[in-house]
Amino acid sequence: MKNYVIGAMAALIIMLASFIFKNENNQSITRDLFPISSSERQRVKVDVPMFIFVFFKQNNCHDCLQFIETLNKLPSYFVVTGIVPEQELKNEKELRQITGANFPLKYITNYRKFIPKFSPSIVGVSPYGDIYFVLPGVPGEKAYLEEFLLNFYGKVYPSLYERALSENSKK
């Protein structure tokens, strides 16, 4: 019996340590630390936008970047921002011509928290800095991406709207 109690206590300690470690290293970014400037936030006329960060490089395969066409025509509640290496943003005109990106392009510097392990990638982020999904850019993704994003936003909108209301009531 004594061994079971010791085992249960050890499991509880491990679980609590895991919970503390997870919350310590995975804190959400507050609105003030979020890499979207206040002027960009004001440009968005939606109560609860969803930020889509697109990490890509000029030399990614052309078929893998076809999803950019879909991102160009998303509704206004999706705020799409392209994140590219600094040296490639110097040739922004050429980069836009090759990829067809019609959304703002930014340096990767302020978006390090969101960097995926593969490129190209699409990262869905809440207005509070919570990462919701990371999708790899693959050939054929264009066919299902818009439907996925619209359905996902429809499912996450109620909780985001509730959170926005509670934060506005605190002010």
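None of the figures in this text is laboratory data; all of them are computed from the coordinates on show. Keep in mind that what you see is a predicted model, and the values were worked out from it rather than measured. Please note: Cβ atoms are built from the backbone with ideal geometry, for glycine as well, and neighbour counts cover all protein chains shown.
Could you compute the FRET efficiency for residue 138 and residue 4, with r as their C-beta to C-beta distance and R0 at 35 Å, rounded to 0.05? Can you show the working numbers first?
Working: r = 49 Å, r/R0 = 1.40.
Efficiency computed from Cβ-Cβ geometry: 0.10.
At 0.36 nm per residue, minus the direct Cα-Cα distance, what do residue 170 and residue 107 gain on full extension? Give it in nm, one decimal, please. Intermediate results must be reported in sequence, preceding the final value.
Values: separation 63, 0.36 × 63 = 22.68 nm, distance 3.34 nm.
Net length gain for the segment: 19.3 nm.
Can you give the extra length, in nm with one decimal, that the chain gains between residue 76 and residue 63 once fully stretched, where that is 0.36 nm per residue apart less the Cα-Cα distance?
Full-extension gain reported as 2.1 nm.
Using the basic label-point model (7 angstrom from Cα toward the beta carbon), what is the residue 13 to residue 115 distance in nanometres?
In this crude label model, residue 13 to residue 115 measures out at 3.7 nm.
I need the calculated FRET efficiency for the pair residue 97 and residue 150, taking r as the beta carbon distance and R₀ as 41 Å, to the nearest 0.05.
0.90
Cα atoms only, the range 29-170: Rg and Dmax in Å?
Computed over the Cα atoms of the range 29-170, radius of gyration and Dmax are 14.9, 47 Å.
For the range 112-150, run through the trypsin sites (Lys or Arg not before Pro) and keep only the ones in DSSP coil with at most 14 other Cβ atoms within 10 Å of their Cβ. Walk me through the numbers before you get to the answer.
Numbers: sites: 112, 113, 117, 142; in loops: 117.
For trypsin sites (Lys or Arg not before Pro) across the range 112-150 that sit outside H, G, I, E and B with at most 14 neighbouring Cβ atoms in 10 Å, the list reads 117.
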